[in-house]
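Have a look at the structure below before the remarks.
The values are calculated or read from the model by the stated rules, or taken from the named source; none is laboratory data. Keep in mind it's a predicted model, so treat the numbers as computed, not measured. All Cβ positions, glycine included, derive from the backbone under ideal geometry; neighbour counts span all protein chains shown.
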Amino acid sequence: MSVAIGIEARSARRSAGRRAASFAIPLLLVVLVVTAIGALTVGAAGIPLSRLPAALGLAGESTAMTSRDQLVLWSIRIPRIAAAAMIGGLLAAAGAIMQGLFRNPLADPALVGVSSGGALAAASAIVFTDSRFGEALRFLQTELLPLAAFAGSLATTAILYGISSRAGRTSIAIFLLAGVAITAIANAGIGLLVFIADDRQLRDITFWMLGSMSGATWTKAAVLAPVLIAGLAACAFIARGLDLLVLGEADAFHGGVDVERLKRISIVMVSAMTGVAVSISGVIGFVGIVVPHLLRLVIGPAHRLLLPASVLLGAILMVGADTLARTIVAPAEMPIGILTAAVGAPVFLFILLRQRGLAAL
Amino acid sequence: MTAVLEARHLGKRAGRATLLDGVGLSVAAGEMVAIIGPNGAGKSTLLRLLSGDLRPNTGEVRLKQRDIGSFTPRELAARRAMLSQHINVTFPFTVEEIVLMGAGERSLREAGPLVDAALDEVGLSRFRERQLPTLSGGEQQRAHFARVLVQLACGEAEHGPGLLLLDEPTSSLDLRHQIDLVEAARRRAGNGTAVIAILHDLNLAIRFADRLVVLAGGRLAADGPRAEVVTRERIRDVFEIDAVVHQADGVPYVLPQSMRAAMPPR
């Protein structure tokens, strides 16, 4: 009897919401390609769309103009766009995983100190390898920074989980407050490093605090790629577990999830993804909140789709934001962290206000 | 008949407090057992031990003749399903998505008929596209019950009759849905599932189960057929109230003495 009503209601409701889910990935891919092409054409040296194929080496004969274009594209713009896309994808996916892990749409690696922990470790690595004691390791600085940032992020995430999780339940209030405290501690550490740093180190460290893609090179993009690929592969593996975790740890276990293993994998993933991104671009906030939140509204909260879609939308937003960052105050460059915070903080407040009605902290 | 679930000498401590002490319980396939007892008697702790979620300090739990600690979470989920008391879903999952979570790795296409049947059984078919957090407490509880039924059905299809554990499954339900839930559980027992439920309403527990287990102060106070377990003396000892026990069609029902009917104000 109620089956007929059910089918009616089903067709009526399907249309609005989750139907979008089926073509979300292809659509996002198209938008990413379009955004990236747009990003290729603008900058200090403009390369109009008409010259783009030749500059990419796809068509036309070589002229002086094309070789200048090629230099700009291949040694500056393409690695930067690739890095921005991967960093955006990593940060957004890390946010989505963290939100699933903490069952809280407000969790974001930058907001709760995971990025700061990574930045502190990276800044420490800079100062250490430049010092007399770390001289021997100086030639490894490029390799050492992502590892240090990963270790810093991992330590921060683990501490955060230990503080805010008791007997399988995570307190949202304690979690956010612990995040504030951890951010403060990490920033105090960074402040100390700023105090003892020399001028060159100071520039490097300041850049970490505000976030920028200007340091992106092919080498750095090459560090990001394996982490992103491994992360995407692991996402498929943890998606169902994160879905069930929304029921709480005990009920996820009752549903067949190895909760302890899921938590360990998720914490390592969030730390690796955030840490590596931070080691290259510095602390960029709110991407991890805004992207998954927008996607949940359109394609729903199921992680099997949410995680890959977050990677794509995060990439789109970051490429867009970086393009804006390097054009709006040209020839200077605006730190990208300022832009993402300007967009992200209001979204964060919006989610907070909406949540206030649903559940008391 | 062989026992689906066998618990021996279960003891559980938390810090210096003893939550459970020397509790033994054996439940056969097709049996319906209600656990009753006052607040803090250890009912939820016992159920969590029986579900494999908690490990006992003493004693052991055997599910289908195997130590429950030796199952992986996935193996366990295929042999026992459990409905918890308070589940707060923060993300906007639809009712259908929540119920499908019971089906493990199966897609909606594979598990569709089971999801449909479970939603129909709990009367939520027309809410399947609604976001769970927008439903009332009772409706959410029914959606989770449907999820647990799907999990049970999936497991039983592969491993035969399993174990269904319910922790106060009727706490948010209106009268009609309380009865519906009891009937749904009874149908499972009819197919060989062993069903254990914690219930607060004595009369519902008596209706629900032919066998009652009474816990008090972390110990087993009684375990047997309802007519033997439900007596005036035991209710006074365990619940510290004076009650009249009547019989209707051979089934007892309990009326607390101190519960006087409300009078209109003079």
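The table below lists the values:
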{"quantity": "Flag for A:Ile299 being among the β-branched types (Val, Ile, Thr), within 30 Å of A:Leu339 (Cβ to Cβ) and modelled with pLDDT under 85", "calculated": "no"}
{"quantity": "Residue check for A:Leu176: under 30 Å from B:Gly102 (Cα atoms) and of a type outside the set (Asp, Glu)", "calculated": "no"}
{"quantity": "Residue count for segment B:44-67, restricted to those that are crowded, with 16+ Cβ neighbours inside 10 Å, within 12 Å of B:Lys12 (Cα to Cα), of a type outside the set (A, V, I, L, M, F, W, C) and more than 13 Å from chain A (Cβ to nearest Cβ)", "calculated": "2"}
{"quantity": "Test for A:Ser67: is it loosely packed, with under 13 Cβ neighbours inside 10 Å and within 28 Å of the chain's Cα centre (by Cα)", "calculated": "no"}
{"quantity": "Per-region count, segment B:197-252, residues among the β-branched types (Val, Ile, Thr), part of a loop (DSSP other than H, G, I, E, B) and free of Cβ contacts under 8 Å to residues at least 24 places away in the same chain", "calculated": "2"}
{"quantity": "Segment A:235-269, residues that are closer than 19 Å to A:Ala302 by Cβ and away from chain B (no Cβ under 12 Å)", "calculated": "A:Cys235, A:Ile238, A:Ile265, A:Ser266, A:Met269"}
{"quantity": "Residues satisfying the stated conditions in segment B:89-115, i.e. within 30 Å of A:Arg354 (Cα to Cα), out of contact with any Phe, Trp or Tyr (no Cβ under 6 Å at 6 or more places or on another chain) and either surrounded by 22 or more Cβ atoms within 10 Å (Cβ to Cβ) or more than 7 Å from chain A (Cβ to nearest Cβ) (or both)", "calculated": "B:Phe91, B:Phe93, B:Thr94, B:Glu96, B:Glu97, B:Ile98, B:Val99, B:Leu100, B:Met101, B:Gly102"}
{"quantity": "Residue within segment A:280-301 that is closer than 30 Å to B:Thr72 by Cβ and away from chain B (no Cβ under 14 Å) present", "calculated": "no"}
{"quantity": "Residue in segment B:175-183 that is farther than 23 Å from B:Ser107 by Cα, at pLDDT 90 or above, surrounded by fewer than 23 Cβ atoms within 10 Å (Cβ to Cβ) and within 13 Å of chain A (Cβ to nearest Cβ) present", "calculated": "yes"}
{"quantity": "Flag for A:Val227 being aliphatic (A, V, I, L, M), within 12 Å of chain B (Cβ to nearest Cβ) and on the phi < 0 side of the Ramachandran plot", "calculated": "no"}
{"quantity": "Scan of segment A:270-308 for residues that are over 26 Å from A:Pro335 (Cα atoms) and crowded, with 24+ Cβ neighbours inside 10 Å, ordered by number", "calculated": "A:Pro301, A:His303, A:Leu306, A:Leu307"}
{"quantity": "Sole residue being at pLDDT 95 or above and touching a Pro at 6+ places or on another chain (Cβ under 9 Å), chosen from A:Ser279, A:Ser310", "calculated": "A:Ser310"}
{"quantity": "Pair list, Cβ under 7 Å, 6 or more apart: segment B:143-165 residue touching a residue at least 12 places away in the same chain (Cβ under 8 Å), other residue charged (D, E, K, R) and outside any helix (DSSP H, G or I)", "calculated": "B:Cys154/B:Arg106; B:Gly155/B:Arg79; B:His159/B:Arg79; B:Gly162/B:Arg79; B:Gly162/B:Arg80; B:Leu163/B:Arg79; B:Leu163/B:Arg80; B:Leu165/B:Arg80"}
{"quantity": "Qualifying residue in segment B:116-123 (condition: free of Cβ contacts under 8 Å to residues at least 24 places away in the same chain, over 22 Å from B:Arg188 (Cα atoms) and within 8 Å of chain A (Cβ to nearest Cβ))", "calculated": "no"}
{"quantity": "Selection count, segment A:37-46, where residues are at pLDDT below 80 and either over 11 Å from A:Thr327 (Cβ atoms) or surrounded by 13 or more Cβ atoms within 10 Å (Cβ to Cβ) (or both)", "calculated": "2"}
